[in-house]
1. What does the charge count around LEU188 come to, taking other residues whose C-beta lies under 14 Å from its C-beta (Lys +1, Arg +1, Asp -1, Glu -1)?
2. Within 10 Å of each candidate Cβ there may be at most 10 other Cβ atoms; applying that plus a DSSP loop requirement, which GluC sites (Glu not before Pro) in segment 98-180 survive?
3. Zone of ASN44 (label point 7 Å along Cα→Cβ, backbone N under 15 Å): which residues in segment 328-343?
4. When ranked by the protection proxy of mean other Cβ atoms within 10 Å per residue, highest first, what sequence do the peptides 167-176, 149-158, 11-20 form?
5. For each of SER90, SER125, SER259, count neighbouring Cβ atoms within 10 Å of the residue's Cβ, then give the residues from fewest to most.
6. Taking R0 as 22 Å, what's the FRET efficiency between THR241 and GLN101 from their Cβ-Cβ distance, rounded to 0.05?
7. Among residues other than ASP217 whose Cβ falls under 14 Å from its Cβ, what is the net charge (Lys/Arg +1, Asp/Glu -1)?
8. Before anything else, pin down the relative contact order of the chain: Cα pairs under 8 Å, at least 6 apart, normalised by residue count, whole percent.
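Bear in mind that the values in this text are calculations on the coordinates, not laboratory data. Remember, predicted model here, so these are calculated numbers, not experimental data. Cβ placement follows ideal geometry from the backbone for every residue including glycine, while neighbour counts extend to all protein chains displayed.
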Amino acid sequence: MRAYFAPEQLKHDPKQFMWEGRIVDPKDVKERTDALLRALAALNIPVYAPDDFDLSPLQAVHAQGYLDFLQHAYEHWQTLRNPGIEVLPSHSPYYNGRIEQLSRPECPSTSPVARAGYYLGDLSSPMGPHTWESSLRSAHSAVAAARAVLAGDQAAYALCRPSGHHVRHDCAAGFCYLNNGAIAVQQLRERFSRVAVLDIDVHHGDGTQQIFYGRSDVLTVSLHADPIDYYPFFTGYTHETGYGEGEGYNLNLPMPRGSTDDAWLQQFQIACERIADFRPQALMIALGFDAHVDDPLGVLSLSDDCFRKVGASIAALGLPTVLVQEGGYAVDVIGASLQAFLEGFLGRKAAPFAAIP
């Protein structure tokens, strides 16, 4: 197996985000990436910089008006009389949540303030001078991993930072700006007629769900903390099963706060059975580790051994698989979590993970 990561992904350097009514220090810090890279090295997994795939893979998933906003948001922000250090929305437009609509009209206003409110879904996705470049190269890492699988590799890993599963067709949210996983899935569809998504991040993959909600060629399964009192709050419930042609092709498995390995693995088995019933030709894993017991933003209590078992179970599905990194914000444990997952997935042990000094 090979991995993909672009050094430009480190340039994104958020300064703040809103959490429970307070502006706090960011959690998507660059040190997360260092820990993940060391886990790959411990397993002798080579890491390659992705090619520059331009915008075409992104345009297959995201609205052009949204991509235009991302490319120029920080530049336009600087034209304000007294701009803040990052692009952040000060308001949100009314949206009725109609599931039959993949996209909204483009923002009718040219104001940087209006466009930030239209295209940034919450206060957890600040945009600095390098956010677009890092997001673009993060998406390119996902494209490279998908193309490796298209070329015949059984599996490939994309170290995506920033993450992506909260991004809708035309709206950023939750530390995410481009939906790397959805972009990888769309690449896989060039060869495979049915692709399954399995999202194990602690947060519901609301953006991925929205992008594929009306389609029957992509099964979307998300195992996450119950959104009744946890981000993203408005989606991720069991009654959300798809719309139109996609009815029956979306499965949400919300878990109560505090759930531990055994309860979580029972639900995970249901996810695997649904995927097997779908009979996909390829699989994309949205690989979050923020369900770990020590994660600062998580509310579940999973162990590294649980991630090891999950990796082995996913490998047992026997499908060409793209692993796309999502969340995980405990810098001192995320590398060990990835190593445990990959040990299970690859069926081999690595040297003990070297924690950050």
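1. In short, +2.
2. Within segment 98-180, the qualifying GluC sites (Glu not before Pro) (loop, at most 10 other Cβ atoms within 10 Å) are GLU100.
3. Inside the label zone: 343.
4. Values: 167-176: 26.0, 149-158: 19.1, 11-20: 16.1.
Highest-to-lowest ranking by the protection proxy: 167-176, 149-158, 11-20.
5. Least crowded to most crowded, the residues run SER90, SER259, SER125.
6. For R0 = 22 Å, the calculated efficiency reads 0.80.
7. It works out to a net charge of +2.
8. It comes to 19 percent, rounded to a whole number.
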